[in-house]
Amino acid sequence: MAKKKPPKVHRTDSAVEFKLLIEPFEDPVAKRSGIAFHFRTTEEFQNFVYDLVLETRVNDRKISFNIVGLKTPLSDFPRPGPAMGRFEMENLQMGEYTIIVDRRGKKANQFKVDIKDTIRVLRGTKDGKFIDIFTDRSKWMTRVD
């Protein structure tokens, strides 16, 4: 029997399927801090805020993410919204990094990011772009129409 696809509320005509937010995080209770990578889909789902399944590899100044798919959240309470995923890195050295985001092994987008006191996107994929990268949470949260 074939698997059912999750029902979607909002369909965008944009080729951009995902958004990535890179921002510092601090957890004073656990005494942790570093950089967080927040992923979300541009599509919103009717029943659940699904979890994005990410495979991550860190090699020197190259951080690779493979977006594998979606999984049902652990919560029993349904609510609409985008699928989301998060990855945190502690003790990150300041400087330039190459961020590679692979979409299910089919296509990859590459970005150059400078992480210092502030985080700046230096360069990104223009052709065949399926993900937008942000350093401002308010812009990352904005719905794509």
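Nothing in this text is a laboratory measurement; each read-out follows from the coordinates by a stated rule. If you're wondering where the values come from, they're calculated on a predicted model, not measured in any experiment.
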| request: Tell me which label goes with the value of Rg and Dmax of the Cα atoms in Å computed from the coordinates here: [x] 19.9, 57; [y] 16.6, 62; [z] 15.7, 52. | output: [z]
| task | Pick out which of P28, P82, P73 has the largest mean-square fluctuation in a Gaussian network model of the chain, springs linking Cα atoms closer than 10 Å. | result | P28
| Given H placed 1.01 Å from N in the peptide plane, which residues other than close sequence neighbours of E23 have an amide H under 5 Å from its amide H? | A36, H38
| request: For T125, enumerate residues with amide H under 5 Å from its amide H, sequence gap 5+ or separate chain, H modeled in the peptide plane. | output: Q110
| note | Only helices counted: for the chain, with every DSSP H run of 4 or more residues adding -39500 (n - 2.57) and the sum spread over all residues, [θ] at 222 nm is -500 deg cm²/dmol
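Over 24 Å between C-alpha atoms is what I'm after, so list which of K71/K112; K71/K126; K19/K71; K19/K112; K31/K112; K31/K139 land there.
With Cα atoms farther than 24 Å apart: K71/K112; K71/K126; K31/K112; K31/K139.
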| remark: Restricting to aspartates and glutamates and to Cα separations under 20 Å from K107, and discarding same-chain partners fewer than 8 apart, the set is D13, E17, E43, E55, D127, D132
